[in-house]
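Asks: So that we are looking at the same thing, I have put the structure below in structure tokens.
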Amino acid sequence: MQSTIHIPTSNPPFNSYTRWQKHNKFLSFIPINQNPCFPTLSNPPKSLKTSFQFDFEDEKLRKEFKPTAPTTPTLLPVVIRQSDGVSRYVWDGSDLKLVSVDGKTVCFGGFEDLGDGFRRLFRRCSLGVRNFLFPREISENYFEYVKWKFLHRVFSSALQVLATQAMFRAIGIGYARSLPSAAALNWVLKDGLGRLSRCIYTASLASAFDTNLKRVRFSTSVVFSLSIGVELMTPAFPQYFLLLASIANIAKQISLACYLATGTAVHRSFAVADNLGEVSAKAQIQTVCFDNLGLMLAAALNVMLRNNQRLQACLPFVVYPIFTAIDLYGIYQSLKHVHLQTLTKDRLEMIIDTWIQFRYVPSPAEVSKQEGINFIPSKGRLKWPVRIGGLNPKCQIPNTSMTAMKSLCRDDFYFVCTEVCFHGIERTEGILLCLREGASTTDTIMGVLQACYIRKRLLCKAGILEEGDSLNQEWFKLAKDCKRCAGEDMELLNEKMVELGWACKNILLSTDEQTRFSFIDD
């Protein structure tokens, strides 16, 4: 049986050439010749294609000739810290780029204009100097400290050069017969006495380097500046050269001992990432660079006056007061930007007073600003001052002190009492905290907190406490109530202090404050 396929005459048969004409006719309407950015289409291929293939190519051509709109760059959550700054990866739709924080693109290829090249060169050089002089991770106040340190070291170094020049002039450095004897005596007496004095000074003020760091540091800086003035006087009194030089060197050695003893504590205050070694190393680099600048300054002044010997001889006496004032001002300002996190009795008292009054723990920076340099400590300006130590038999001992000692038990690691001192004819009342051997840091903080609560209560009362039986009862009631308040605040206070970076593991006390008592259970 045969089947017949009927093809209607109204519909033309499938013709590949006809389909290509239709496709070619459609392409002719695409306005490609109006856009000079696109090339002319090549001649159509002569191979046969299906209807599906033609539709797919039509869509592809439309996408190719459609103008592409600029895409918004996508910031990737990846930041890279390099030697030339901090950069961030950015995807612009086709390429991955590295963009610096300030918006300057760090390209992986291509050329930049000359101006941008100079800016990048300057940026790299400045960052290189920054990485050479400064540690990577430091506290925010470190740069202010270095700024004033720069001022101090430059002018101090210049003064030392001028002082050495004056001493050479005093001993007659050009005369062969005076040089050997002067050099020998200089080493035996001047340097020998200086080193001996340095040992004695360091041994006598061992604990003061921790408790009164800023005051000792600034005081010895003043002594160092005065020693340079003594050296500058040697040309005017050459017959007393050895005496003047020995005095000046003793002062210099004392200042050097203080500088070395306090340097570690100063550097530790800036080492926020426990990078004490890096901070100390950068400090030595800064000192060398700044001292060389001071040397260049002194050399420039001498070159300017090389044709006038009289002015050159008077130069040290003219610049000494100016350079000394700038030097000491730089030291003073730099110490103000040293925020020590260690606890001393004075800092702990400031923290506790602020806590009692405002229920707020101040930061090391706030305490440092309140503490200041304290160059000349004043006594007696605060009513009911708190002192840590032992009872002074030379002072009047109130009955409350004897009663407090009698009431001690085995579990007590401190006691608080009153004391009366006389400064001339002035009578001063204070609060004494006596610590027992084996008392922990928590016991010390607890005792100071209780003493500060007692002072607040006493300041609210007018007049001076009088001796008597009623006083003892009133005192012990007050002490018990304040101890209860201190116990309630102790945990929260210690937690807040640790959060702000205070070193609460130890409290630095002076020699007198380290006096302890022993409990004897008879």
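Asks: Here are the criteria: (1) open to solvent by 60 Å² or more (accessible area, probe 1.4 Å); (2) modelled with pLDDT under 80. Tell me which single one E366 does not satisfy.
Replies: (2)
Asks: For the stretch 326-356, name all the residues that are open to solvent by 50 Å² or more (accessible area, probe 1.4 Å) and touching a strand residue (DSSP E or B) at 6+ places or on another chain (Cβ under 8 Å).
Replies: Answer for the stretch 326-356, where residues must be open to solvent by 50 Å² or more (accessible area, probe 1.4 Å) and touching a strand residue (DSSP E or B) at 6+ places or on another chain (Cβ under 8 Å): just Q341.
Asks: Out of the helices (runs of 4 or more DSSP H) lying entirely within the stretch 189-302, which hold 3 or more residues that are over 24 Å from F323 (Cβ atoms), touching a residue at least 60 places away in the same chain (Cβ under 8 Å) and of a type outside the set (K, R)? Outline the logic, then answer.
Replies: Working: elements: 192-204, 208-211, 213-232, 241-270.
Where helices (runs of 4 or more DSSP H) fall fully within the stretch 189-302 and carry at least 3 residues being over 24 Å from F323 (Cβ atoms), touching a residue at least 60 places away in the same chain (Cβ under 8 Å) and of a type outside the set (K, R), they are 208-211, 241-270.
Asks: Mind checking whether some residue in the stretch 373-381 is at pLDDT below 90, open to solvent by 30 Å² or more (accessible area, probe 1.4 Å), within 29 Å of E495 (Cα to Cα) and under 40 Å from the mean Cα position of the chain (by Cα)?
Replies: Within the stretch 373-381, the subset at pLDDT below 90 is 373-381.
Then drop every residue that is not open to solvent by 30 Å² or more (accessible area, probe 1.4 Å), which leaves 374-381.
Still in the list and also within 29 Å of E495 (Cα to Cα): 374.
Narrowing the set further to residues that are under 40 Å from the mean Cα position of the chain (by Cα) leaves 374.
Yes, the conditions are met somewhere in the stretch 373-381.
Asks: In the list R410, R347, R387, which residue meets the criterion of being assigned to a loop (DSSP other than H, G, I, E, B) and charged (D, E, K, R)?
Replies: Numbers: R347 fails: assigned to a loop (DSSP other than H, G, I, E, B); R387 fails: assigned to a loop (DSSP other than H, G, I, E, B).
Going through R410, R347, R387 in turn, just one is assigned to a loop (DSSP other than H, G, I, E, B) and charged (D, E, K, R): R410.
Asks: Now for a different question. Across the stretch 326-360, which residue is farthest from G447 (Cα to Cα) among those that are in contact with a Ser or Thr (Cβ under 7 Å, 6 or more places away or on another chain) and not charged (D, E, K, R)?
Replies: L328
Asks: Output the number of residues of the stretch 142-183 satisfying the condition of being buried (at least 17 other Cβ atoms within 10 Å of the Cβ), over 23 Å from V319 (Cα atoms) and modelled with pLDDT of 80 or more. Step through it out loud before you land on a result.
Replies: Residues of the stretch 142-183 that are buried (at least 17 other Cβ atoms within 10 Å of the Cβ), as a first pass: 142, 145-146, 148-163, 165-167, 170-171, 182.
Those still in the list that are over 23 Å from V319 (Cα atoms) too: 142, 145-146, 182.
Then drop every residue that is not modelled with pLDDT of 80 or more, which leaves 142, 145-146.
Final tally of qualifying residues: 3.
Asks: Taking the stretch 419-462 only, how many residues are among the aliphatic types (A, V, I, L, M), part of a helix (DSSP H, G or I) and in contact with an Asp or Glu (Cβ under 8 Å, 6 or more places away or on another chain)? Can you show your working first?
Replies: Start the filter on the stretch 419-462 by keeping residues that are among the aliphatic types (A, V, I, L, M), which leaves 420, 425, 431-433, 435, 439, 445-446, 448-449, 451, 454, 458-459, 462.
Now restrict to residues that are part of a helix (DSSP H, G or I): 445-446, 448-449, 451, 454, 458-459.
Now narrow it down to the ones that are in contact with an Asp or Glu (Cβ under 8 Å, 6 or more places away or on another chain): 448-449.
Count: 2.
Asks: Can you tell me which residue within the stretch 242-283, out of those that are open to solvent by 50 Å² or more (accessible area, probe 1.4 Å) and of a type in the set (V, I, T), is farthest from R169 (Cα to Cα)?
Replies: Ranking the candidates gives V272 first.
Asks: From the residues in the stretch 498-522 that are in a loop (DSSP other than H, G, I, E, B) and without any contact (Cβ under 8 Å) to a residue 24 or more places away in the chain, which one is least open to solvent (accessible area, probe 1.4 Å)? Break it down stepwise before answering.
Replies: Keep residues of the stretch 498-522 that are in a loop (DSSP other than H, G, I, E, B), which gives 500-502, 509-511, 515, 518-522.
If we keep only those that are without any contact (Cβ under 8 Å) to a residue 24 or more places away in the chain too, we end up with 520, 522.
Values: I520: 123, D522: 168 Å².
Taking the candidates together, the pick is I520.
Asks: Would you point out the residue of the stretch 302-325, among those that are among the aliphatic types (A, V, I, L, M) and buried (at least 18 other Cβ atoms within 10 Å of the Cβ), that is modelled with the lowest pLDDT? Talk me through it step by step, then tell me what you get.
Replies: Step one: list which residues in the stretch 302-325 are among the aliphatic types (A, V, I, L, M), which gives 303-305, 311, 313, 315, 318-319, 322, 325.
Going one step further and asking which of them are buried (at least 18 other Cβ atoms within 10 Å of the Cβ), we end up with 315, 319.
Numbers: L315: 87, V319: 93.
Looking at residues that are among the aliphatic types (A, V, I, L, M) and buried (at least 18 other Cβ atoms within 10 Å of the Cβ), I get L315.
The values are calculated or read from the model by the stated rules, or taken from the named source; none is laboratory data. Remember, it's a predicted structure, so these values are computed and weren't measured experimentally. Quick reminder, even Gly has a Cβ in these numbers, built from the backbone with ideal geometry, and neighbours come from all protein chains shown. The protein model used for the area step is the full one, side chains on, heavy atoms only, and it has no ligands, DNA or RNA in it. Shrake-Rupley method; radii C 1.70, N 1.55, O 1.52, S 1.80 Å.
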